[in-house]
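Visitor: Take a look at the following structure, please.
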Amino acid sequence: MSPRVLTSIVAGLPVPGADRLADRNPSNLDDVVCEVELSGPDVAHDAVRAAQQALPRWSGTTPWQRAEVLDRAGSEVLARADELADLLAREEGKTLIEARGEVVRAGQILKYYAGSALQPHGQALDSVRPGVEVTVTREPVGVVTAITPWNFPIAIPAWKIAPALAYGNTVVLKPAELVPACAWELVDILNRAGLPPGALNLVLGRGSQVGPVLTGSPEVDAVTFTGSVGTGQAVMASTMTRGAKAQLELGGKNPLVVTEHADLQVAVECLIQGGFGSTGQRCTASSIAIVTDAVHDRFVAAVTQRLATWRVGDARADDTDMGPVVDSSQLEQDLRYLEIARTQGAEVVGGEVLDRARAGHYLSPALAVGTTITDTINTEEVFGPVVSVVRVPDYADALAAANASTMNLSAGICTTDLAESSHFKRHSSAGMVMVNLPTAGVDFHVPFGGRGASSYGPREQGTGAIEFFTTTKTAYTSPGAP
Ligand code: ADP
């Protein structure tokens, strides 16, 4: 059977493209998930214009109408969770359990923002001037471009699109080239759930070609972006110079501190899940274990033992703990960082390219032991199943090492000592702190984001999202003549 062909969607209609790109399954490179007809800058322009034309109608809907669309879409995502999880695992390579979790999360996010659309978001206050009334209301920002990465093919588009639509904006979504099918399904579901044509448009194209139009067009009022630092800087340049809003999520270099007061089993599981879950391809992945001297050797031995039974294989097989790396260039990057770590003195356990029944990008989980916090592997984001270990004398040094991260998205500590965990929560310089939990794994109803080079602009998700997707208006009213 020939693969499905997907196209961009502008104003509710499919738009054929000139070039075709095959979307391949990283667990089985012979398996083509779909073919994509790639759009160029002209279609990106059309999508922006369609969003602009749809804005008066969509921003003029009642909160109830917007809530109904989002709720209906959320119900369909949840009802089709198994099917969409299979597509996600096939397209991106995370395991079926992880993929199902992500799809359910996308459904929950849609429903959360359905509820949020109906919440009171304004204020009515007495003025400091007698007889004058003040109201602070929230209005949509306008046309929003959402640019998303490959590692959460349905959840990240959902957590950008849902609040944008809930608060009355119109949207152009540009997903990563590696994962078009999940994004296409989400847009299709939302359009069928009752969006007017043009309220949500999909541009399937190469970032270098369509990106500048989607971020730099004068009609685009705000850009929400998740991806690499380099591309984020380009997005920043093309939005800031014309005064458009920007929200950037650029990754993380996340430490997990393990002290001698940790429950060893809990600490091992936190590192395994946080470091190697989703093949380590999460911006919240625990990439550095900072371990105090008293427990270091026991911890490393226990993690190594646990990894020896960790099964790497086809993302959709029942007995797989970890799927493949997403593509060949990411695999090369993982191997390059492991080589640099070895050169700088680390002993690497694992990190071998694996053969499986079908050709895929398989890599065994890697632990780089004996690193220092200033080594390259501890200062740059690897984005693979690679964790390095840093030995420190005590908790104070562990905290200092954890705070050395310049991409402070999520920091964790494993300890049963209340004073230590309280101190860490207070003094960590990360945007999110986890105690006896993996650094990855967050809730959808609270703000998400990091500090330093990790994030720019208002927080994403939950109660935080309204700051980016709305703009306030302060109105003063005097009763005039009595
Ligand atoms: P990653 O390394 O995770 O692929 P990228 O920053 O390259 O991170 O990609 C994240 C998203 O940014 C993708 O959807 C990609 O197509 C898009 N992108 C790439 N180049 C540009 C650009 N110049 N402008 C806007 N978006 C871009």
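The values are calculated or read from the model by the stated rules, or taken from the named source; none is laboratory data. Keep in mind it's a predicted model, so treat the numbers as computed, not measured. Note: ideal-geometry Cβ built from the backbone for every residue, glycine included; neighbour counts use all protein chains shown. The accessibility values were calculated without ligands, DNA or RNA, using every heavy atom of the protein model including side chains. Shrake-Rupley method; radii C 1.70, N 1.55, O 1.52, S 1.80 Å.
Visitor: Report the net charge of residues surrounding LEU409, where surrounding means a beta-carbon distance below 13 angstrom and charges are Lys +1, Arg +1, Asp -1, Glu -1. The partial results should precede the final answer.
Guide: Numbers: positive: LYS253, ARG282, ARG451, ARG459; negative: GLU249, GLU381, GLU460.
With Lys, Arg at +1 and Asp, Glu at -1, the neighbours total +1.
Visitor: Can you run phi through the Karplus equation (6.51, -1.76, 1.60; θ = phi - 60°) for region 29-39 and list ³J(HN,Hα) in whole Hz, with x for Gly and Pro?
Guide: Computed from phi, the couplings for region 29-39 are 5, 7, 8, 9, 5, 6, 9, 10, 8, 7, 8 Hz.
Visitor: Now for a different question. Near LYS174, which lysines are there with a Cα under 26 Å away, not counting those fewer than 8 places off in the same chain?
Guide: Those lysines meeting the cut-off are LYS94, LYS111, LYS160, LYS245, LYS253.
Visitor: Rounded to the nearest 5, what % of the DSSP beta bridges within the chain are antiparallel ones? Walk me through the numbers before you get to the answer.
Guide: Numbers: 33 of 76 bridges.
So the antiparallel bridges in the chain amount to around 45 percent.
Visitor: Residue separation times 0.36 nm, minus the C-alpha to C-alpha distance between THR343 and LEU264: what's the value?
Guide: Additional length available on full extension: 25.4 nm.
Visitor: Calculate the tail of P(r) for the chain: the fraction of all Cα-Cα distances greater than 32 Å, expressed in %. Before the final figure, lay out the partial values.
Guide: On the way: 48633 of 115921 pairs.
Above the 32 Å cut-off, the chain has 42 percent of its Cα pairs.
Visitor: Okay, next question. For region 364-374, take each phi angle, set θ = phi - 60°, evaluate the Karplus expression 6.51 cos²θ - 1.76 cosθ + 1.60, and give the result in whole Hz per residue in order, putting x for glycine and proline.
Guide: Running phi through 6.51 cos²θ - 1.76 cosθ + 1.60 with θ = phi - 60° gives 6, x, 10, 10, 9, 9, x, 9, 10, 5, 8 Hz.
Visitor: With r defined as the distance between the Cβ atoms of LYS473 and MET240 and R0 fixed at 35 Å, what FRET efficiency is calculated, to the nearest 0.05?
Guide: On the way: r = 23 Å, r/R0 = 0.65.
The pair LYS473/MET240 has a calculated efficiency of 0.95.
Visitor: Where does the chain land at 222 nm, in deg cm²/dmol rounded to the nearest 500, when only DSSP H runs of n ≥ 4 count, each adding -39500 (n - 2.57), divided by all residues? Could you put the intermediate results ahead of the total?
Guide: Values: 15 runs with 189 residues, N = 482.
Mean residue ellipticity, 222 nm, calculated: -12500 deg cm²/dmol.
Visitor: Can you tell me the orientation of helix 81-92 relative to the chain, as the angle in degrees between its alpha-carbon axis and the longest Cα principal axis, to the nearest 10?
Guide: Compared with the principal axis, the helix lies near 60 degrees.
Visitor: Also: Magnitude of the Cβ-charge dipole of the chain, K/R +1 and D/E -1, about the Cα centre, nearest 20 debye?
Guide: Values: 37 positive and 53 negative charges, 269 e Å.
That gives the chain a dipole magnitude of about 1300 debye.
Visitor: On the protein heavy atoms, probe 1.4 angstrom, tell me the percent of accessible surface of the chain carried by carbon and sulfur.
Guide: On the way: 10260 of 19230 Å².
Carbon with sulfur: 53 percent of the solvent-accessible area.
Visitor: Counting only protein chains, not ligands or nucleic acids, how are GLU260, GLU381 ordered by accessible area (probe 1.4 Å), most first? Don't skip to the answer; put the middle values down first.
Guide: On the way: GLU260 80, GLU381 50 Å².
Of GLU260, GLU381, the descending order of accessible area is GLU260, GLU381.
Visitor: So the label point goes 7 Å from the Cα of ASN403 along Cα→C-beta, right? Which residues of region 281-311 then have their backbone N under 18 Å from it?
Guide: Once the point is set 7 Å along Cα→Cβ of ASN403, 290-292 turn out to lie under 18 Å by backbone N, inside region 281-311.
Visitor: Could you tell me the distance between the Cα centroids of region 326-366 and region 159-215, to the nearest Å?
Guide: 33
Visitor: Could you tell me which residue out of PHE444, ALA18, SER116 lies farthest along the dipole of the chain toward its positive end? Charges go on the beta carbon: Lys and Arg +1, Asp and Glu -1, centred on the Cα centre.
Guide: Of the listed residues, the answer is SER116.
Visitor: Counting Lys +1, Arg +1, Asp -1, Glu -1, what net charge surrounds GLY93 among other residues with beta carbon under 14 Å of its beta carbon? The partial results should precede the final answer.
Guide: Details: positive: ARG24, ARG90, LYS94, ARG282, ARG316, ARG356, ARG358; negative: ASP23, ASP31, ASP86, GLU91, GLU92, GLU98, GLU102, ASP314, ASP321, ASP327, ASP334.
In short, -4.
Visitor: Put +1 on the Cβ of each Lys and Arg and -1 on the Cβ of each Asp and Glu in the chain; which of SER278, ALA44, THR95 then has its Cα farthest toward the positive end of the dipole?
Guide: It is ALA44.
Visitor: Further, regarding this structure: Length gain on complete extension for the stretch ASP394 to GLN119, per 0.36 nm per residue less the alpha carbon to alpha carbon distance? Display every interim value, and only then the final one.
Guide: On the way: separation 275, 0.36 × 275 = 99.00 nm, distance 4.70 nm.
Length gained, ASP394 through GLN119: 94.3 nm.
Visitor: Also, I was wondering about something else. To the nearest 0.05, how large is the calculated FRET efficiency for ASP321 and ARG129 if R₀ is 56 Å and r is the Cβ-Cβ distance? Walk me through the numbers before you get to the answer.
Guide: Values: r = 65 Å, r/R0 = 1.16.
So, using R0 = 56 Å, E works out to roughly 0.30.
Visitor: How far is the Cα center of region 57-81 from the Cα center of region 229-254, in Å?
Guide: If you average the Cα positions of each part, the centres end up 29 Å apart.
Visitor: What whole number of Å gives the distance from the Cα centroid of region 35-54 to the Cα centroid of region 410-455?
Guide: 39
Visitor: Let me ask something additional. List the residues whose amide H sits under 5 Å from the amide H of LEU173, counting only those 5 or more places along or on another chain, with H placed 1.01 Å from N in the peptide plane.
Guide: ALA146, ASN201, LEU202, VAL203
Visitor: Residue by residue through region 240-252, what is 3J(HN,Hα) from phi via Karplus (6.51 cos²θ - 1.76 cosθ + 1.60, θ = phi - 60°)? Round to whole Hz and write x for glycine and proline.
Guide: In residue order, the calculated couplings are 4, 5, 10, x, 7, 6, 9, 10, 10, 10, 10, x, x Hz.
Visitor: May I ask you to give the solvent-accessible area per residue for the chain, in square angstrom, as obtained with a 1.4 angstrom probe? Provide the component values of the computation, followed by the final result.
Guide: Working: 19230 Å² over 482 residues.
Per-residue accessible area for the chain comes out at 40 Å².
Visitor: Work out the length of the dipole vector of region 254-435 about its Cα centre, built from +1 on the beta-carbon of each Lys and Arg and -1 on the beta-carbon of each Asp and Glu, and round it to the nearest 20 debye.
Guide: Charge dipole, region 254-435, about its Cα centre: 260 debye, nearest 20.
Visitor: Going by a ≥ b ≥ c, the root eigenvalues of the Cα gyration tensor, does region 293-360 fall in the rounded group (a/c under 1.5), the prolate group (a/b larger than b/c) or the oblate group?
Guide: Details: a/c = 3.08, a/b = 1.32, b/c = 2.34.
Note, shape of region 293-360 comes out oblate.
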